[in-house]
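Below is one structure, written out as structure tokens; comments come after it.
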Amino acid sequence: MSDRHALIIDDDAYSIHIMERFLDQENVSYTPVLDTSNLESILQHLEKVDVVFLDLEMPKRDGYEILEILKVYIEPKVPIVACTVHTAEIQHTRKLGFFSFVAKPLDMDRFSNQLNRILSGEPVWEAR
């Protein structure tokens with residue numbers, strides 16, 4: 001999967017670090033976004049995005065606002081994955097058009113399978 005690129009949007013540096021470690025193990029490159037105030041600029045300059053991992057609860061813009069921005073800047077076929085501790089949001093994220101839902105804390109034993117399924121076009125809806 002070395003030619004795959006992920007966009008990670010999360011306001012928690014530790015969560016980004018964990019996602020980076022998991023993606024490194026899968027040989028997926030990534031662009032982390034800790035501060036969404038410059039998201040549009042980042043999106044304009046990204047050459048390729050194969051998957052987006054998006055936290056829902058962030059201070060400046062929540063994941064639902066970011067979802068609408070992403071729909072403008074990235075290809076419709078790119079899976080946008082809600083990646084959050086708020087498992088009660090799973091049905092709401094589905095209704096709003098997220099491709100998948102993966103609960104935090106991430107589980108390395110399951111992440112590889114989840115990622116491969118998502119990148120193969122299969123939605124993953126796992127609250128735990």
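Across the stretch 53-75, the number of residues qualifying as closer than 22 Å to Phe111 by Cβ and hydroxyl-bearing (Ser, Thr, Tyr) comes to 0.
Once the stretch 7-51 is narrowed to residues that are of a type in the set (Ser, Thr, Tyr) and within 11 Å of the chain's Cα centre (by Cα), the residue that is farthest from Phe111 (Cα to Cα) is Thr31. The listed residues are Val72, Val124, and the only one of them that is more than 19 Å from Asp3 (Cα to Cα), under 13 Å from the mean Cα position of the chain (by Cα) and not charged (D, E, K, R) turns out to be Val124. Among the residues of the stretch 77-99, at least one is closer than 23 Å to His5 by Cα and free of Cβ contacts under 8 Å to residues at least 12 places away in the same chain. Of the numbered criteria (1) crowded, with 18+ Cβ neighbours inside 10 Å; (2) at positive phi, the one Asn27 fails is (1). If you check every pair at least six apart or on different chains, which have Cβ atoms under 7 Å apart with a residue in the stretch 22-37 that is more than 16 Å from Asp50 (Cα to Cα) first and a residue that is in a helix (DSSP H, G or I) second? Close Cβ pairs (under 7 Å, with a partner that is in a helix (DSSP H, G or I)) amount to Leu34/Ala13; Leu34/Ile16; Thr36/Ile66.
We did not get these values from a lab; they are worked out from the coordinates using the rules stated. Just so we're clear, the structure is a prediction, and the values are computed from it rather than from any experiment. Backbone-built Cβ (ideal geometry, glycine too); neighbour counts: all protein chains shown.
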